[in-house]
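The values are calculated or read from the model by the stated rules, or taken from the named source; none is laboratory data. What you see is a predicted model; the values in this text were computed from it and never measured. Cβ sites come from the backbone with ideal geometry, for glycine too, and all protein chains shown count toward neighbours. The area values use the complete protein model at the heavy-atom level, side chains included, leaving out ligands, DNA and RNA. Shrake-Rupley method; radii C 1.70, N 1.55, O 1.52, S 1.80 Å.
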Amino acid sequence: MPVNRKLGKTTDQRMAMLRQQVTDLLALGHMETTISRAKEIAPLAEKRITLGKKGGLNNYRQALSFITREDVAKKLFDEVAPKYAERNGGYTRIVRLGERRGDGAEMALIELV
């Protein structure tokens, strides 16, 4: 994780938020968030997909230590990772959506390719 994006939170709050957002992204396949959060989520999600591609009990436990729900970890290893078996990285796509109406934050859609 880059050290320059603190997202206005302390370290433990930030990691909890990123863990939950990565879990939601892997569960649903897409999510709408701010552009800075999407840029932080993408490499974390790609590392979990790479663990899923490798398979094995140790990699499953490593993924489960980051992902907050066991059913999502199982889905990652059984459904999501085999879909990217021939792909070498680049599992996520970030699409800019424009500004949020309430506070003008730049929004983005992050999705699994």
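List of remarks:
- Over all pairs of different C-alpha atoms in the chain, the reciprocal of the mean inverse distance, the Kirkwood hydrodynamic radius, equals 14.5 Å.
- Here the chain is assigned +1 on the Cβ of each Lys and Arg and -1 on the Cβ of each Asp and Glu. Its dipole about the Cα centre then comes out at about 280 debye.
- Charge dipole of the chain about the Cα centre (unit charges at C-beta), most positive-ward option of GLY98, LEU26, ASN58: ASN58
- Extension gain, GLU106 back to ASP78 (0.36 nm per residue minus Cα-Cα distance, nm): 6.7 nm
- Simple Cβ-charge dipole of segment 70-113, Lys/Arg +1 and Asp/Glu -1, about Cα centre, in debye nearest 20: 160 debye
- Solvent exposure, largest accessible area first (probe 1.4 Å, DNA, RNA and ligands not counted), of ASP78, ASP24: ASP78, ASP24
- Sulfur and carbon atoms: percent of accessible area, segment 17-113 [1.4 Å]: 47 percent
- Using the 1.4 Å probe convention, the accessible area of the chain works out to 58 Å² per residue with neighbouring protein chains retained.
- Under 28 Å between alpha carbons - lysine pairs in the chain that sit 8 or more apart or on different chains: 21
- The residue among VAL72, ALA38, GLN13 whose Cα reaches farthest toward the positive pole of the charge dipole of the chain, with charges on the beta-carbon of Lys, Arg, Asp and Glu, is GLN13.
- Computed label-point distance, nm, for sites HIS30 and MET17 using a 7 Å Cα→Cβ extension: 2.4 nm
- Environment charge at LYS6 (Cβ cut-off 14 Å; Lys +1, Arg +1, Asp -1, Glu -1): +3
- Taking all protein chains as shown and a probe of 1.4 angstrom, LYS54 keeps an accessible surface of around 140 Å².
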